[in-house]
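Heads up: the structure comes next, in structure tokens.
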Amino acid sequence: MVGLTVGMAWQLAVVVLLPLLGGHALDARLHSAPVWTLVGLVIAMAAMIVIVRRTLAQLNEYMNKPNNTD
């Protein structure tokens, strides 16, 4: 169970940082602030929802197994 939460934390960190930093870099290069940063934010939010739902499904599957030892 700890592995699921640690894995989710890393995935969320990457999924949030990459689109936001990429959008910020594009805005700086193209002088179009805040367009690409906002696009990165929307991408990050969508990816966060996917990661959280997938992790919750895995956690639910783990909790419903018989004979949990953790």
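The values are calculated or read from the model by the stated rules, or taken from the named source; none is laboratory data. Treat the numbers as computed from the prediction; the structure is a model and nothing was measured. We place every Cβ from the backbone using ideal geometry, glycine too, and count neighbours over all the protein chains shown. Quick note on the areas: whole protein, heavy atoms, side chains included, nothing else; ligands and nucleic acids left out. Shrake-Rupley method; radii C 1.70, N 1.55, O 1.52, S 1.80 Å.
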### Query
Looking only at the range 14-31, which residues are small (G, A, S) and either touching a helix residue (DSSP H, G or I) at 6+ places or on another chain (Cβ under 7 Å) or at pLDDT below 95 (or both)?
G22, G23
### Query
Does V42 meet the test of being open to solvent by less than 50 Å² (accessible area, probe 1.4 Å), within 16 Å of the chain's Cα centre (by Cα) and of a type outside the set (D, E)?
no
### Message
Looking at the structure I just gave you, is N67 open to solvent by 80 Å² or more (accessible area, probe 1.4 Å), at pLDDT below 95 and assigned to a helix (DSSP H, G or I)?
### Response
no
### Message
Residue under question is V39, and the condition is that it be touching a helix residue (DSSP H, G or I) at 6+ places or on another chain (Cβ under 8 Å), assigned to a helix (DSSP H, G or I) and on the phi < 0 side of the Ramachandran plot; does it hold?
### Response
yes
## Note on the structure
Scanning the range 4-37 residue by residue, those within 30 Å of Y62 (Cβ to Cβ) and open to solvent by 60 Å² or more (accessible area, probe 1.4 Å) turn out to be T5, V6, W10, Q11, V14, L17, L18
### Task
Please state which of the following conditions I49 fails to meet, knowing it meets all the rest: (1) open to solvent by 60 Å² or more (accessible area, probe 1.4 Å); (2) touching a Ser or Thr at 6+ places or on another chain (Cβ under 6 Å).
(2)
